[in-house]
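Step one of this worksheet: look at the structure below.
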Amino acid sequence: MFGDAEAVHLLLGRHLDDDPATRPDYPPATMEDRRFRPHHVVIGLGIAVALFTALSGVAATVNGWHDDSEITREVFQNVPDALKVAFYTVIPVLIVYGAVLFANRMKNWERGTPDNRATTGANAQRRFGDFRSGVYMQTLLREPAAGVMHSLIYFPFLILLAVTTVLEVNHQVPEDLKFLHGDVYRAYTLVGDVAGVLFLVGVAWALLRRFGPRRFRPYRIRIKTKPEHAAGLVVFAAIGVTGFGAEAFRIAATAADHGGEFPSAETWSIVGYPLAQAVDSVSFFADSVHGWHQAWWIAHVLAFMAFLALLPITMLRHMFTSPLNMYLRDRDRPKGAMKPLPNLMETELESFGASTIEEFTWKQLLDTDSCTMCGRCTAVCPAHATGKPLDPREIVLKTGEVMAATGTPVVSPPIGTDAEITVPANWMFDRITSEELWACTSCRACDEHCPVNIEILDKILDMRRYLSLMESDFPSELGAAYRSMENSGNPWGLSQSDRTDWVGDLEGIEVLDGGDPFDAEYLYWVGCAGSFDDKNKKVSRAMAQLMQRAGVSFSILGPSEMCTGDPARRSGNEYIFQMLAMQNVETLNGMGVKKVVTQCPHCFNTLANEYPQMGGHYEVVHHSQLLEWLIDAGKLDLSEARLDERLVSHDSCYLGRHNDVYLAPRNVVASIGGVEVVEAGRQGTKGMCCGAGGGRMFMEEHIGKNINVERSQELLATGATRIATACPFCYVMIDDGVKGEGVDDSEVKVGDIALHVLDALENSGA
């Protein structure tokens, strides 16, 4: 519908560099006073296509162009003039009808706040690559069964649409320009029939996955099959079946007009031709073959009309919205960064976060109309898998329900809406509970596996901002962490003077005050867990020793280092995040720090991706990346290091899915001699969360199975004698989970990659 995201912005009447938080009318005022808005484009396109369709019918009738070739077909063969008129009258009306209904949905997107999704020279290639990925269904093919099924429906449908269009074009052009005859026609009929067969196979497969025996229906599909799925698939099946029926009776009627001789060219119709012969052999049909052809033609046209009618009011609309959503994937902030807010110390806002539709961005609202209800987000959600009330798909659908029911006009889909569901007001928390939102670990698995680029996590975090800052509706344990971060500078609530206790008897570690000049190559950002948690103090010591062995120049801040604010921001408390972040940025900038290494992926993500929002620009590396480089460069010699053990690596969500670092931790432990590296059932992008992200490190699990127990059992099932982590939160959660299963260190040792490397070096005497 739009050439690029910039066009969307311009049509919305908003500047690309608008920051919603700095506008005096934030949240933005209604756009009813705008004369030209995006939905007008859709209405205009609909009218243009409708007029073209209607006029093409008139042109063909007036000019009376025909193709006299023996090897061709007449478009409206055996179709009375009255039906032709009806066709060229009703189809344009339905096109305009669909455009108006689709435009009404677009009005809802216009209710959202600005979101910079501009296409630039720097991101244009990525954008079109994402668009092609959506059009070619590459993301769907990550799951072969679902991908192949959708491909069998989608691509043949496009081919069939092209086949119909080609026939109509050939019908409209003058005689000397007609091309659909001879060998071209033979190939044309073959392509059309093959596409039709594949299309019906795909539809049958989809019906089996949606409504067949339980063993054919994945859990994520089984729990969310609605009447509109049946409506769409039945219409598709009707289009395919009636198409072949009309073709068979057309060929049979042609044969009847030629004394029972079947046209030789129609043998290339590999389905229609044998069906026509079968029809001709049955007297019940043969005696009135022309009437049967008209009946099947009418049924085929009606099936297509039903498709046009359902397109704007059911999930079939994702045929248009999903590729657009894929195109808009690239954004002006890293995927690990939350949406920025203005300086809350200097700016007064009436509301924080999202509680109404108008407080989401237009892209977040477009998301709700792009959802295919495939449930892949649900299938990978650790909270849902362990019995928590969170279902990421429901977050999207419920947001869409509120948006649709509170729009002007109301556009709630009449098909598939549960009768008991009511939306009394433009208020998200009438449909979404705080329990759902607080169950989220912010692992980002839902976003990573959505095949159409729906950004679910942002919606959850924006609503958390509202709950935390406007309603003070958060778990009591989280409140204690807030107070500790605000008063003590860390969520543990311990004295900042204790931040260097982990150093102990280690020599050569320079501790700087906040105002000291910085001369080392790296600032070692130890983090709160590495400073205060007993397990992770050992990781800090190990990492310091490894860097010293490799000759890395580093210093630490000690008491001058504050929490990065990640737990506060992910749980919605932007005030505390900004307070801590500003202090840290002031300290680092004042010291002239350029390079930072940290063992905590949460610190890594915040320092690298979010501190630039606060004026802090640093080269940040995770300790797994630094260790990998030191080993590859020969600066950290592991030639003699050895551990004759079986090791499994656990993926940190904030290192992997938030920052695409998967291989570095594996490469580090794989460099140890004698180690057999194995993988858990869920790993990489599908890795199971430890349960500590999104501030949940400081919250209790009261519902369902503990996430860390689920993950620990999965890791133990590999038979590994060592479990490697690359995150202090993961270390704590997995170690507790393993110990909870009655497995001690003598059987399975859980530890950070730095601990395993140091063990290997010390065991070898290196």
The set of cysteines in the chain having no other cysteine's C-beta under 4.7 Å reads 371, 374, 381, 440, 450, 528, 563
Two pseudo-spin positions, 7 Å from Cα along C-beta at residue 56 and at residue 100, lie apart in nanometres by 2.3
If every Lys and Arg gets +1 and every Asp and Glu gets -1 at its Cβ, then about the Cα centre segment 485-631 yields a dipole, in debye to the nearest 20, of 380
Quick calc, residue 422 & residue 483: beta-carbon distance into FRET formula, R0 45 Å, rounding 0.05, result 0.70
Filtering chymotrypsin sites (Phe, Trp or Tyr not before Pro) in segment 67-170 by DSSP loop and by at most 11 other Cβ atoms within 10 Å leaves none
Nearest 10, in degrees from 0 to 90: the angle of helix 289-310 to the longest Cα principal axis of the chain is 30
Note, segment 230-244: 3J(HN,Hα) by Karplus (6.51, -1.76, 1.60, θ = phi - 60°), whole Hz, Gly/Pro = x, goes 5, 4, x, 5, 5, 5, 4, 4, 5, 4, x, 5, 5, x, 5
Residues whose modelled amide H sits under 5 Å from the amide H of residue 113, counting only those 5 or more places away in sequence or on another chain, are 360, 361, 362
About its Cα centre, the chain carries a charge dipole, from +1 on Lys and Arg Cβ atoms and -1 on Asp and Glu Cβ atoms, whose size in debye to the nearest 20 is 1380
Unit-weight point scatterers at every alpha-carbon of the chain, Debye formula, q = 0.06, 0.09, 0.10, 0.11 1/Å: log10 I(q)/I(0) is -0.47, -0.90, -1.03, -1.17
Row for segment 106-248, column shape: gyration tensor on C-alpha, a ≥ b ≥ c, rounded if a/c < 1.5 i.e. under 1.5, prolate if a/b over b/c, else oblate; value oblate
With no solvent term and unit scatterers on the alpha-carbon positions of segment 637-763, Debye gives log₁₀ I(q)/I(0) at q = 0.18, 0.20, 0.21 Å⁻¹ of -0.92, -1.13, -1.23
Computed, not fitted: 222 nm per-residue ellipticity of the chain from DSSP H runs ≥ 4 (each -39500 (n - 2.57)), nearest 500, equal to -15500 deg cm²/dmol
For segment 255-261, in residue order, the Karplus 3J(HN,Hα) values (coefficients 6.51, -1.76, 1.60; θ = phi - 60°; whole Hz; Gly and Pro = x) are 4, 5, 6, 10, x, x, 8
Ranking 219, 139, 655 by how far each Cα lies towards the positive end of the charge dipole of the chain (+1 on Lys and Arg Cβ, -1 on Asp and Glu Cβ), the top one is 219
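Bear in mind these aren't lab numbers, they're just calculated from the coordinates by the rules spelled out. All of these numbers come straight from a predicted model, not from anything done at the bench. So basically every Cβ, Gly included, is an ideal-geometry build from the backbone, and we count neighbours across all protein chains shown.
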